Amino acid sequence: MITSSILDRFWVKPSGAHKMAYLLPKNGACSLESLFPEKAAQDKEKLRAFMEDVKKNEEYMMVTGISLAARAAIEGGISSKEAFLYNDLFLKRIAACRDIQAMHVVQSECYLQFARIVRDRKRKESALNRHVEECKRAIVTRRFERISIDELAADVGVSKEYLQKLFKQYEGIPITEYITDKKLEAACSMLRFSDRKISEIADHLHFGSVSHFSLVFRRKKGQSPTAYRRKQQRTLY
């Protein structure tokens, strides 16, 4: 019920042709808040609670969206570790947002970031050449054999000259150097974990002679095969 004190503040008596009495602030400003302050305070609290619920619901939806984006990125080729790292990062940023608009900004950044990572991974994969990759696998498989570039080219179905050009273009080194590197990796393992003589290792990997094997080993590893074996055995035992 509106009291007389309130009416006295807002009552404007009719004058002239206006026969209807009406409520109008005498000072030119009127609001429900000024008329009913307690009701207005309750409404504000309800509105605040409602907006908080809306914000929480939006946050749940965005958490779900970010998690789905992380899973899609994994299917797109990135590692689970990398995807979950970004997932946690963006979820923390969402939780720190003070309003819905800020959360939408973070969500958009998340989607763009995952899209960029997947795009870069696809570009990297497309940069690999099928013939070169087949050639590399063949070299590793046959590292204990005498490897011929002519045979490698025939295996992957291209000419020797074209394979050499492709290999240098994509790997940055000649095929012969890659073959040497893989043979030396095998030699290092044999020096560390077997008691074979150095001459036997050189012969097993088809280096032609012990002197040639030692020369290549020293050039690549900075020490002789004997020195390498002695150092590695000290480390192991």
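The values are calculated or read from the model by the stated rules, or taken from the named source; none is laboratory data. Predicted model, so just to flag it, every value in this text is computed and none were measured. FYI the Cβ positions are ideal-geometry reconstructions off the backbone, even for glycines, and counts take in every protein chain you see.
Tabulated values for the structure
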read-out	value
Which numbered condition Glu171 misses (of (1) of a type outside the set (A, V, I, L, M, F, W, C); (2) surrounded by 14 or more Cβ atoms within 10 Å (Cβ to Cβ); (3) over 38 Å from the mean Cα position of the chain (by Cα))	(3)
Residue in the stretch 148-171 that is touching a Lys or Arg at 6+ places or on another chain (Cβ under 9 Å), assigned by TED's automatic domain parsing to the domain that holds Thr64 and in a helix (DSSP H, G or I) present	no
Condition met for Ser5 (at pLDDT 65 or above and part of a helix (DSSP H, G or I))	no
Test result for Phe144, touching a Phe, Trp or Tyr at 6+ places or on another chain (Cβ under 7 Å) and part of a loop (DSSP other than H, G, I, E, B)	no
Residues of the stretch 75-89 that turn out to be modelled with pLDDT of 90 or more and either more than 12 Å from the chain's Cα centre (by Cα) or among the hydroxyl-bearing types (Ser, Thr, Tyr) (or both), as a count	1
Filter result for Gln223 (under 39 Å from the mean Cα position of the chain (by Cα) and among the polar types (S, T, N, Q))	no
Criterion (within 21 Å of Val140 (Cβ to Cβ), assigned by TED's automatic domain parsing to the domain that holds Tyr162 and surrounded by 13 or more Cβ atoms within 10 Å (Cβ to Cβ)) met by exactly one of Phe213, Phe193	Phe213
Output for the stretch 75-116, where each listed residue is not in a helix (DSSP H, G or I) and not charged (D, E, K, R)	Gly76, Gly77, Ile78, Ser79, Cys97
Unique match (being under 27 Å from Asp203 (Cα atoms) and either surrounded by 13 or more Cβ atoms within 10 Å (Cβ to Cβ) or at pLDDT 90 or above (or both)) among Ala72, Ala154	Ala154
Tabulated pairs, the stretch 105-132, first at pLDDT below 85, second part of a loop (DSSP other than H, G, I, E, B) and not hydroxyl-bearing (Ser, Thr, Tyr), C-beta under 6 angstrom, 6+ apart or interchain	Arg121/Gly77; Arg121/Ile78
Lone qualifier among Ile149, Ile173 - being touching a residue at least 24 places away in the same chain (Cβ under 8 Å) and of a type in the set (A, V, I, L, M, F, W, C)	Ile149
Yes/no for Tyr178 being within 30 Å of Arg130 (Cβ to Cβ) and surrounded by 13 or more Cβ atoms within 10 Å (Cβ to Cβ)	yes
